[in-house]
Every structure is written in C-alpha cells, then in structure tokens.
Amino acid sequence: MAEEKKKKVIIHNKTPMPAQDPVARSRNFQEVALGYTEEDARLEAGRCLQCKNEPCRQGCPVEVNIPAFIKLIQEGDLDGAIARIKENNPLPAVCGRVCPQESQCEKYCTLGAKHDPVGIGRLERFVADRELGLGVTLPGKAASTGKKVAVVGSGPSGLTCASDLAKLGHAVTVFEALHVAGGVLMYGIPEFRLPKRVVQAEVENVKKLGVEIQVNSVIGRIDTVDELLERYDAVYLGTGAGLPYFMDIPGENACGVYSANEFLTRTNLMKAYLFPECDTPIRVGSRVAVLGGGNVAMDAARTALRLGASESWIVYRRSEAELPARHEEYEHAREEGVKFSFLTAPTRILEDDKGWVTGMECLRCELGEPDASGRRSPVTVCGSEFVLPVDVVVVAIGQGPNPLVPRTTKGLALTKRGNIVADESGATSKPGVYAGGDVVTGAATVILAAGAGKAAARSIHRHLTGATA
Amino acid sequence: MYKVLKKTELAPSILDLYVIEAPKVAAKARAGQFIILRIDGQGERIPLTIADFDREKGTVTLVAQRAGKTTTQMGKLRAGDSIADFVGPLGEPTHIENYGRVVTVGGGVGVAPTHPIARALKEAGNEVISIIGARTRDLLFWEEEMRKVCTRLLVTTDDGSYVRKGFVTDVLKEVMDEKKPDLVVAIGPQPMMRAVCNLTREYGVKTIVSLNSIMVDGTGMCGCCRVTVGGKTRFVCVDGPDFDGHEVDFAELARRSALYREQEKDSLDRYTQRCQCHGGEH
Ligand SMILES: Cc1cc2nc3c(=O)[nH]c(=O)nc-3n(C[C@H](O)[C@H](O)[C@H](O)COP(=O)(O)OP(=O)(O)OC[C@H]3O[C@@H](n4cnc5c(N)ncnc54)[C@H](O)[C@@H]3O)c2cc1C
Ligand SMILES: Cc1cc2nc3c(=O)[nH]c(=O)nc-3n(C[C@H](O)[C@H](O)[C@H](O)COP(=O)(O)OP(=O)(O)OC[C@H]3O[C@@H](n4cnc5c(N)ncnc54)[C@H](O)[C@@H]3O)c2cc1C
Ligand code: SF4
Ligand code: SF4
Ligand code: FES
C-alpha cells in the first residue's frame, strides 16, 4: 500500500471551447470563441499534472507561472489565479485569446506528447475575463519618483511599459498617433477575435494607474524624440511595425488592391462594416484574394467573408505545413469557408479599362531547399500560369517599421531593414531612449511586444533611480 | 475635443473657413502640411491642408469645399462647437529656399494652401507671383490675403465674371512667356494640376504639386494614399503631399480618387435626406 501512488486519471482531450456556429459567424463580427464557463475551466484545469519541471512555463515568452495559476483554479481561487498570471503578463485577456499557444506554452505541455495539451490560453482568458467583468483591483503604486517618461505608441508594448513604470512611481505620458489607444489590437486584429471592449478595458486599467494617454499625437511631427528628451527623463519607443509591404508586381495600385492594414483598419478602427451609419466606406467585391499566410492574412480573409464577399481566397507561396498563422485561426478560417490556394505565387494583377481589378495572374510553385529561416522556399514552375478571377486583392505579406520616428531622430542606430537596434533591456544607441516590440523585432507577437515593454520598464527604472525593480 | 473658434462661409453652401483651437498643431505647423480630422465617433478621418496658423493664438485655419458627407456635415458647425479628433501637422513641409522667381498657382479651394507657401517663399527672398482662379466670381476668396503674401497677384475666373476670363493655365502661360520662372507651385483640383504640369513641362520649369489622394491614417500605416511618382510607389501622407508634378501619374491618382464614388454619393444622399426630415437640423 505504501508504494501505491495515487494514479491520476488523464482526460485525453482539451475541454472544447464553446464557439459560434461557423455558418452564422462567418457573416457577423461578434466574437467567435465564446470562452469557458466556470465548469469548463475547472474541468480543463483538472487535466494539468502540475509538473515539477514546469516545461510549459519555459515555452511562455514571459514565463507566466502556469502550474501555479492552474493549481489555484483547481482549488477554486480564481482571484488568486489571475493575480498570479499578472505577475508576469499584463494583458492576459488579450494573450489568452491571441497568443500562438501551440508554438509557445502549450507546445511544451507534458500532456501534449500523447494527448491534447492543457488549454492554457483558454484558462488564462477565463480568469482574465472574469476579473474584467468584476472590476479590476488596482495593483499598489510606489511613491512618486519625480521622474517623467514619454512612451511613444500605445500598442501592447507601449501600454505594458507605461503601466509598469507607473507602478514604479514614475509619471508617464503615452503619445499615440491614432485617435484611440491600443495599436494593432484596435486597428488590426478583428473584433470577432479580440473584442475592442476587452482592449479598451485594458487601456482603462493603464489609465487608472495615472498614465496619461495623448491620442492624435504623431511623434516625429508634433514633437521629435529629441524634443521629448528635453521634457522627459527617458523615452520608450513602441511604435510597432505598421508599414505595409507590397509585392512590387504590376497592377498593385489598381482600384481594389488593399494592404491588409488598410482593409483591416477601415473595418476595425473605422467600423466600415457599419457603413453608412459610420462614414468610412470599404469595397469588398464578390471574390477576394488575400496574399500571405500569417495571422494578418487569415484575419483579412475572414473579414472579407463577413463584409459580404461570396468567395475569399488565401493565396500562399508555400504549403499548408509552412503556414505561419495560429493553428486555431487556420481551422476557424477553413470552417467558415475561406478557400486556400497553396503553392501559388501572384505575378500580376489584371485590371479593366477603368483601373478596377479583374483578376490575378499566378504561377504554381514547388518547394525547394530550406532557406535561411529553415523553411523550404517556393520555386515557381515555368508555364504554370493561371488566372484567379477576383475583384479585390488584399496584400498581407508583412510589415516593416514605420520610418517616421527613425527619420526624425538623431543618432538612433537602425538595422538594414529599418528596425531600431535595442539590446535585451531595450536600450538603444541613443542615451535615454529605449525601444521594444515590433519596431525592434519586426512583426512578431503581442506577448513578445508586452515582454519587451516590461524589460524596458525595468531598465528605465534602473537608469532613472539606480534601483532594480 | 477641439473647439471651432470661428466659422464663415467663403462661398455660401460651398466653401467654408474654420479656425480651430489646436495650440500644439499651430506651434509646429509649416507651409505645405495638413491635418486629419474626425468630426465625431462615427466620422471618417479626412485630410485638410493647413491654410494658415497662428502660433500665439494657438489656432489653425482650414478652408474646405463641401464635397461629400463629411465636409457638408462640417458646414453645419458653428463657432463654439467642437470636433472629436484633430491630428497634425502631417506630411513633409514644402521645401522653401530662395529659388529666384516663383509662381504659385491656386485653383478653387486650392487657393488656401498656396497662401502659407507663398508667404514662406516671399520671406525666403523670392519674387512670388501668385495666380488665383475660380470657376466664377462667387467662388473666389482670399484675394486680399493673397495680395499681402506675394509680390504680384493675378486673378482670373473661368467664366469671366471677375477681372478676366480664362483658366489659371492661360495666365500662367502669359507669366512664363514674360520671363521664365525658376519654380511653379500648383495646388487645386487634379485636372488643373495636371494641366499646369503639361504646360510647365513644355517650358522646362520645375513644378511642385500638392496631391490630395484618399487617406485613412495619414501616418504611413495603411498605404491607401499611394501614388506612382517617377515610376515608384510613394505614400502621399508621409513622402508628400508635395511631389514633382512632372513625375506624377495623374491618371492613376484620378482612378484611385474615384474608388468610393458610389458609396460617397449614397452617404451624402442619406445625410441630406436625414437633415431635410429634421427641418435642416442634424
Ligand atoms: C492583423 C494582425 C493580426 C495579428 N494577430 C496576432 C495574433 O493572433 N497573435 C499575436 O500574438 N500577435 C498577432 N499580431 C501581431 C501583434 O499584434 C503585434 O506583434 C503587436 O501588436 C506589436 O505590438 P507593439 O506594441 O510593438 O506595436 P503596435 O501594436 O503596432 O502598436 C504601435 C502603436 O504605435 C503607434 N505609432 C506608430 N508610430 C507612431 C508615432 N510616430 N507617434 C505616435 N504613435 C505612433 C501606432 O499608431 C500604434 O498604435 C497580429 C498583427 C496584425 C497586424
Ligand atoms: C493632403 C490633402 C489635403 C487636402 N486639403 C484640402 C483642403 O484644404 N480643402 C478641401 O476642401 N479639401 C482638401 N482635401 C480633400 C478633402 O480631404 C476631401 O474633399 C474630403 O475628404 C472629402 O470628404 P467628404 O466626406 O466631404 O466627401 P466624400 O464624399 O467622402 O468624397 C468626395 C471627394 O473627396 C475625396 N475623398 C474622400 N475621402 C477622402 C479622404 N479620406 N481623403 C482624401 N480625399 C478624400 C474623394 O476622392 C472624392 O472625390 C485634401 C486632401 C488631401 C489628401
Ligand atoms: S502569455 Fe501566451 S504563451 Fe504565455 S502562458 Fe499565456 S497564452 Fe501561453
Ligand atoms: S506542462 Fe502541462 S500538465 Fe504540466 S504543469 Fe504545465 S500545463 Fe500542467
Ligand atoms: S493615409 Fe495611410 S499610409 Fe497614407
């Protein structure tokens, strides 16, 4: 009896996520994944083995104490669970929804070897939503240090840096170019995946810490970084990767060709799906082709369906196996009826005499040798031309850093691609100036951007006070 | 919120002048730059050129032509009202130096943006000849204001209802025949800028135009404002709005400007109907 260990019964499958019916949801903008009930959460938390070596935690870029918070859910201490998560992750309601868990925390879950991994993201979302619903208790704030910090950009990176600095007692002002705070969370990621009320609730929490957010303020125009340095003790640049890349193929400026940024901004930020109640129009067309295979492409293709397109295609140069999008988004897109043309490279956009898109000429590809990124690179097949008949094309092949701040700031070292060079603590080549998030790494993820903001807040604090946070 | 301090109709129901309280924008504004505004939470973001600014009073002056829903709705604003969002200054300022003899050409609502440019050019020591023109006398504005900021002012109307009959290009041709200028700056409707460029190309005179493509963010994020200049794609909001007119693909710009014509018409019709139902009040 002594050696008889209590054997835990493993439930093999993840507790399913309640979701809107695919047919209905492919025509509305309400959130697709509805979130766990308390019962679902208990059930799912119960699957966790509480591994001593915490492999899941090492897969999380900000090392959320996953076993600990799940244990608290098991014990029914939901307040404790969210508090634990927030020690490392300032935006759990967002990350629980949009983190690519399958390549981060859940990828390393012990259960994943034989069964479904624990639904860590879903649990994170559950406790975060519950807290947002109840009203967040504000964390304690240190006494004022008398130091002032300017944060440029209000995406996840800027917001996180601002809130951590405020907690440490610094006076923080965030400058945002657009008319609302939130960055890509507001203008890029669609409502049906990340409701804007969730983002705004997070923004409000940052404000409640005393952070001042000045919208409609384009740094580089209204003030340069050098001017900010005259009034602030340090500056954090979290300006993101907002510059859309195009393919550089003929016909790309035809009427009906959008960057994904424009297509998504018109829809999310400007609410074009409510036109004419809201003033900003969008042209959807009946057949839409989206170029690219990442989250941005999935979002655009799913948005096109919701805006009334009869056909929405994802056109991707590589194969299904190389798709960089979150797996769940790919699944959702398929369920909703998005069509996929893999191993396809567009070569030309065709237009009518008025300049409107009538189709896209493409070549078939084969996969060749792996390239520098380790992915097998596509090679076009001679003579395989065909025309995809579409009337709207959305280009979602990636984004670079917006050049406005680099162009107007003296002495800021940049990479060849125009990203700001910063070390792990966020320090740039310019004294007093820190940077992090997509503007440093290139287009990446919400949690990496938030993590960079956290790291920079620590090093700005050290720089300003000599103390470690 | 940004307060409207003054609102006047320069041409009844067509052209409006606004003075907006925006001290930070006024402090940094330079000739050739623009702002983007949004009237309210449902509103579209529309770009308008900074027609004037007063750093001491902290104000920015705009002149807008009622082109569609937003500019018509703006026409209802009165002094004391506020608008939700106002961001700027945006775009690269016009490059100012002493070129020698410069001609500015302003057509229609485009007269307003040439005002601060003419002033800056004159302050830089240029001989500035300003041509202003409108379809008809009632649409002509700022004759006196323009006269103050240039060396010589020439006025024309398409229909001859005021001063003389002729297009701004007719006047420009005469000026260029008199003595070749070192630079022409032309701002107005796209067909006018295109016509000016065709003319100055013959004379070999460098010509700057200020482009009014459709925009959303105005920060280089969406790519909606792209135009082909010298065979390359450029973003009007961050690389412009000023470009070498001889390099601009005006045909493409015109096509892209008409992108939302149907929706714009629909939106304006619905708006005017709604206003009529409410006895003209919104
Ligand atoms: C459509 C789309 C879908 C995505 N889906 C996912 C996903 O599912 N999961 C995931 O983890 N990641 C996703 N990402 C990536 C993720 O959103 C970004 O990595 C993250 O937002 C980067 O954060 P950031 O704070 O660095 O920059 P951003 O979120 O880009 O914020 C930068 C902010 O700075 C502002 N700004 C820029 N220049 C200036 C200036 N000169 N002055 C003032 N303000 C300025 C911008 O307006 C913006 O608000 C997606 C991205 C997109 C576009
Ligand atoms: C840099 C720049 C400076 C400008 N300066 C002035 C100015 O000083 N005075 C002035 O009267 N007008 C100016 N315009 C044009 C002005 O922005 C449009 O007239 C305005 O957006 C029309 O909005 P609407 O809703 O009233 O009309 P809509 O019905 O939306 O459109 C009517 C016309 O305006 C154009 N337009 C529509 N939406 C936009 C948009 N978001 N951005 C640009 N053009 C659009 C369309 O091509 C259409 O031909 C400028 C445009 C740019 C890009
Ligand atoms: S922040 Fe993202 S990666 Fe980390 S635990 Fe949460 S969902 Fe997983
Ligand atoms: S690896 Fe999986 S099972 Fe183990 S503690 Fe982490 S979440 Fe639980
Ligand atoms: S208006 Fe969006 S990039 Fe110029």
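The values are calculated or read from the model by the stated rules, or taken from the named source; none is laboratory data. For clarity, every value in this text was computed on a predicted model and none was experimentally measured. Cβ atoms come from the backbone with ideal geometry, glycine included; neighbour counts cover every protein chain shown. For accessibility, only protein heavy atoms count, side chains too; no ligands or nucleic acids. Shrake-Rupley method; radii C 1.70, N 1.55, O 1.52, S 1.80 Å.
Of note:
- Computed over the protein assembly as shown, Kirkwood Rh from alpha-carbon pairs, angstrom: 28.0 Å
- Near residue B:208, the amide H atoms lying under 5 Å from its own belong to B:184, B:185, B:186, B:245; only residues 5 or more places off or on other chains count, and H is placed 1.01 Å from N.
- Taking only protein heavy atoms and a 1.4 Å probe, the accessible area of the protein assembly as shown is 50% carbon and sulfur.
- Cβ neighbours within 10 Å from other chains - mean over B:140-152: 0
- Euclidean distance of C-alpha centroids, the stretch A:174-240 and the stretch B:69-132, integer Å: 30 Å
- Nonlocal amide H pairs with residue A:243, under 5 Å, H built at 1.01 Å: A:400, A:402
- Phi-based couplings in Hz for the stretch B:22-29 (Karplus 6.51, -1.76, 1.60; Gly and Pro marked x): 7, x, 5, 5, 4, 5, 10, 4
- Residue-normalised accessible area of chain B, given per residue in Å² at a 1.4 Å probe: 41 Å²
- Here the contact order of chain B, divided by its residue count and restricted to Cα pairs under 8 Å and six or more residues apart, works out to 16 percent.
- In chain B, helical runs assigned H by DSSP with n ≥ 4 each contribute -39500 (n - 2.57); averaged across all residues and rounded to the nearest 500, the mean residue ellipticity at 222 nm is -9000 deg cm²/dmol.
- Burial of 30 Å² or greater, the stretch A:243-275 residues [accessible area, probe 1.4 Å, versus chain by itself]: A:244, A:246, A:253, A:255, A:262, A:265, A:266, A:270, A:275
- Sum of side-chain charges, residue B:217 neighbourhood, beta-carbon under 11 Å (Lys, Arg +1; Asp, Glu -1): +1
- Here the stretch A:58-120 and the stretch A:294-350 have alpha carbon centers that stand 28 Å from each other.
- When the protein assembly as shown is described by a simple charge dipole with +1 on each Lys and Arg Cβ and -1 on each Asp and Glu Cβ, the residue from A:98, A:449, A:313 located farthest towards its positive end is A:449.
- Averaged over peptide A:215-224, the number of partner chain Cβ atoms lying within 10 Å of each residue's Cβ comes to 6.
- For the pair B and A, total buried accessible area rounded to nearest 100 Å², probe 1.4 Å: 3700 Å²
- Chain A - share of DSSP beta bridges that are antiparallel (%, nearest 5): 35 percent
- Among B:197, A:149, A:45 - extreme Cα towards positive end, dipole of the protein assembly as shown, charges at beta-carbon: A:149
- Net charge over other residues, Cβ less than 14 angstrom from the Cβ of residue B:143 (K, R count +1; D, E count -1): +2
- Neighbouring Cβ atoms from other chains, within 10 Å of the Cβ of residues in B:259-272, number 3 on average.
- Sequence ranges A:309-317, B:93-101, A:126-134, ranked by mean other-Cβ count within 10 angstrom, highest first: A:309-317, A:126-134, B:93-101
- Working note: 222 nm ellipticity from helices only, DSSP H runs with n ≥ 4, each -39,500 (n - 2.57), summed and divided by the residues of chain A, gives -9000 deg cm²/dmol to the nearest 500.
- Neighbourhood net charge (9 Å Cβ-Cβ; Lys/Arg +1, Asp/Glu -1) for residue B:155: 0
- Euclidean distance of C-alpha centroids, the stretch A:380-415 and the stretch B:218-282, integer Å: 22 Å
- Peptides ranked, highest mean first, by Cβ atoms within 10 Å: ranges B:217-227, B:68-78, A:395-405: B:217-227, A:395-405, B:68-78
- Ordering of A:448-456, A:111-119 by packing is A:448-456, A:111-119, highest average first (other Cβ atoms within 10 Å, averaged per residue).
- Remark: the stretch A:380-394, residue by residue, has Karplus-estimated 3J(HN,Hα) of 6, 9, 4, x, 9, 3, 8, 10, 8, x, 9, 10, 9, 10, 10 Hz, where x stands for each Gly or Pro and the curve is 6.51 cos²θ - 1.76 cosθ + 1.60 at θ = phi - 60°.
- Residues whose amide H falls under 5 Å from that of residue A:257, counting only those 5 or more places apart or on a different chain, are A:393, with hydrogens built in the peptide plane.
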